[in-house]
Amino acid sequence: MKKLKIFILIIGILLIFLSFLLNGYNVLKLVILAFGIILFTLSIVFSSYKSVFIIFFVPIILIILTYGIDMFLFYKYNKIPIYVIEEKSNNLISVYQSFMYRIYNCNNELILDYGYEKDFICNSDLLNTIKINDFLNDLKLIKNKYFNKFVKLEGKISKISGVEYIELAMFTNNKNSLNGYVNFNDNYKVRVLVNEDLSKYNIYDNLVVIGRVSKIEEKNETFVIYLDDSKLITSEIYDSFTYEIVENNAKTLNAIADLDDYYFYGLSYLNIKYSDDAIYEISYLLLDNKINLDDIISDNSASILRDEESIVVAKKYDLEKFNLLVCESGKKIFANKDFNLSVDLCY
């Protein structure tokens, strides 16, 4: 019996030691360590000196000790711990989850998140973007492939709830898509739980979200997919735009609704187009501070207009589809490109 005890003890110690020698993530390491602890405990059971107290606390002490060694090896040598379970979002991003911490593996860069306090912290480019309609079109795939994993979704904001969450619902384009308007299907939506200011966002804004699929709720034919540990990213469609304009022959200044000191001159309307489902009135964007005159002027140089006494009255910008007159008086005039602009318009 004594030889058996010593044999089991040695095998247990060797297995524990072996589990720490293996590199990378592998469930086998945890299995080997568990067998090592079990065999070490059995060697105590076979001892002639038996104590329920010792038999009970030996495995607990071993778990605490090996857990501490596990953390030390991560801190000191950046070694992937044993006491973790991997959730792999793709070939470049994994999350190793443990009792009190998790580790983000961002393309082989390990980042500790003690206490599960950090939201998604990897480079967003490491995830492929999925259109919200494509994502919500296959609920079975969400359950089987994406549950508890990070996803990157692009869609339109269908609801904003204070500082708690936003929602992205399935949608269809509408003939009147002005100011981003679409038809939402609220029976299929993603609810993004956030920890950031949502005041800069509006309904119908295009948005990219990254989050972990934490819950799938089905009730009365309504499906809600919850994203936790989330990150919000402005959609790339806002990086560039084109203009949609309708000209007219009226040589009169027409005030732009809801905007002080902004006028059309020989234009019926001026819209900014980011994509087919993201076309906005210039007034909407200026009012909401989504765009400013510097964005419109870009790198174009100005012609200086002076009065009879050579005092600067305005700056004229010759843009691709229209002209812009910025008066010293404060007037901003979007003008038909075929019209001559004089300083008299500024008075």
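The values are calculated or read from the model by the stated rules, or taken from the named source; none is laboratory data. Computed from a prediction, not measured in an experiment: that's the story for all the values here. Glycine gets a Cβ as well: all are built from the backbone with ideal geometry, and neighbour counts include every protein chain shown. Please note that ligands, DNA and RNA were not included when accessible areas were found on the heavy atoms of the full protein model with its side chains. Shrake-Rupley method; radii C 1.70, N 1.55, O 1.52, S 1.80 Å.
For residue 258, the conditions (1) out of contact with any Gly (no Cβ under 6 Å at 6 or more places or on another chain); (2) within 30 Å of residue 203 (Cα to Cα); (3) surrounded by 14 or more Cβ atoms within 10 Å (Cβ to Cβ) are fulfilled apart from (3).
Condition check: in contact with a helix residue (DSSP H, G or I) (Cβ under 6 Å, 6 or more places away or on another chain) and either closer than 29 Å to residue 133 by Cβ or open to solvent by less than 40 Å² (accessible area, probe 1.4 Å) (or both). Does residue 285 satisfy that?
Here the answer is no, as residue 285 does not meet what is asked.
Return yes when residue 116 is open to solvent by 60 Å² or more (accessible area, probe 1.4 Å), aromatic (Phe, Trp, Tyr), over 25 Å from residue 86 (Cβ atoms) and at pLDDT 90 or above and no when it is not.
Spelling it out, it is not the case that residue 116 is open to solvent by 60 Å² or more (accessible area, probe 1.4 Å), aromatic (Phe, Trp, Tyr), over 25 Å from residue 86 (Cβ atoms) and at pLDDT 90 or above.
Remark: pairs (first residue in region 208-220, without any contact (Cβ under 8 Å) to a residue 24 or more places away in the chain; second residue part of a strand (DSSP E or B) and surrounded by 14 or more Cβ atoms within 10 Å (Cβ to Cβ); Cβ separation under 6 Å; 6+ apart in sequence or on different chains) = 215/226; 217/224. All of (1) open to solvent by less than 60 Å² (accessible area, probe 1.4 Å); (2) modelled with pLDDT under 95; (3) within 30 Å of residue 93 (Cβ to Cβ); (4) assigned to a strand (DSSP E or B) hold for residue 212 with one exception: (2). Checking region 64-75 against the condition returns a match, with at least one residue being open to solvent by 50 Å² or more (accessible area, probe 1.4 Å) and aromatic (Phe, Trp, Tyr). Evaluated against (1) touching a residue at least 40 places away in the same chain (Cβ under 8 Å); (2) of a type outside the set (Phe, Trp, Tyr); (3) in a strand (DSSP E or B), residue 237 falls short on exactly one condition, (3).
The residues in region 21-44 that are within 17 Å of residue 61 (Cα to Cα) and either in contact (Cβ under 8 Å) with a residue 24 or more places away in the chain or among the hydroxyl-bearing types (Ser, Thr, Tyr) (or both) can be counted, and the count is 10.
I'd like to check which strands (runs of 3 or more DSSP E) are fully inside region 121-203 and have at least 1 residues that are within 27 Å of residue 104 (Cα to Cα), of a type in the set (Val, Ile, Thr) and out of contact with any helix residue (DSSP H, G or I) (no Cβ under 8 Å at 6 or more places or on another chain).
Here the list reads 129-131, 165-173, 182-193.
Quick check on residue 345: is it part of a strand (DSSP E or B) and of a type in the set (A, V, I, L, M, F, W, C)?
When the stated conditions are applied, residue 345 does not pass them.
Annotation: of all residues in region 1-53 being outside any helix (DSSP H, G or I) and among the aliphatic types (A, V, I, L, M), the one that is modelled with the lowest pLDDT is 1. Selection of region 5-63 for residues being hydroxyl-bearing (Ser, Thr, Tyr) and either over 30 Å from residue 108 (Cα atoms) or surrounded by fewer than 16 Cβ atoms within 10 Å (Cβ to Cβ) (or both) yields 41, 43, 47, 48, 49, 51. When restricted to residues that are surrounded by fewer than 20 Cβ atoms within 10 Å (Cβ to Cβ) and either without any contact (Cβ under 8 Å) to a residue 40 or more places away in the chain or touching a Cys at 6+ places or on another chain (Cβ under 7 Å) (or both), region 168-190 contains 9.
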